[in-house]
Amino acid sequence: MQRSIIFRARPKSGDVGSWVYGWLQEVDGDTCYIRNGLAVEECWTATAGQFTGLFGSDKKRIYEGDIVRITTENETWKELVYFAHGAFIIGAGNPDGFVDLCGQTEDCWKDVRVVGCIHDGDAWR
């Protein structure tokens, strides 16, 4: 299996809504360091999330911490993407438990789109 292992996090300096992308180099308390080439950026650990290896219906990358809108033939709802039980999963609002995100996107769901992330104040609207 070959996939890109990429992280993103909010930088401690710069635009509040911006992201830094690259490799998670080190975590030191509330600070993590993201490396992209020769550049290393100091970021907030709480905002760090890994690329799941999956893309939404609109070809946008899905990261840990993203909120996705899922549409089936019968319904539409939002879920948080997170890492637990050795997989990227959703299911905080699923009464039947969590669902492995990787096993579902193409087979069962008509449309999956990133609509925000947990670090955006209005993503659940």
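The values are calculated or read from the model by the stated rules, or taken from the named source; none is laboratory data. Computed from a predicted model, the values in this text were never measured in an experiment. FYI the Cβ positions are ideal-geometry reconstructions off the backbone, even for glycines, and counts take in every protein chain you see.
Values computed for the structure shown
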{"quantity": "Tally of residues being buried (at least 21 other Cβ atoms within 10 Å of the Cβ) and either in contact with a His (Cβ under 8 Å, 6 or more places away or on another chain) or not in a strand (DSSP E or B) (or both) across the stretch 72-90", "calculated": "1"}
{"quantity": "Count - residues of the stretch 44-71 that are in a loop (DSSP other than H, G, I, E, B) and either free of Cβ contacts under 8 Å to residues at least 12 places away in the same chain or touching a Ser or Thr at 6+ places or on another chain (Cβ under 7 Å) (or both)", "calculated": "2"}
{"quantity": "Residue check, Ser13 under 19 Å from Cys117 (Cβ atoms), of a type outside the set (Val, Ile, Thr) and part of a loop (DSSP other than H, G, I, E, B)", "calculated": "no"}
{"quantity": "Scan of the stretch 30-43 for residues that are in a strand (DSSP E or B) and out of contact with any strand residue (DSSP E or B) (no Cβ under 7 Å at 6 or more places or on another chain), ordered by number", "calculated": "Ala39"}
{"quantity": "Subset tally (residues that are assigned to a loop (DSSP other than H, G, I, E, B) and in contact with a Lys or Arg (Cβ under 9 Å, 6 or more places away or on another chain)) for the stretch 16-29", "calculated": "4"}
{"quantity": "Qualifying residue in the stretch 54-70 (condition: touching a helix residue (DSSP H, G or I) at 6+ places or on another chain (Cβ under 7 Å) and loosely packed, with under 13 Cβ neighbours inside 10 Å)", "calculated": "no"}
{"quantity": "Check on Val68, at pLDDT 90 or above, closer than 19 Å to Ile6 by Cβ and in contact with a Gly (Cβ under 6 Å, 6 or more places away or on another chain)", "calculated": "no"}
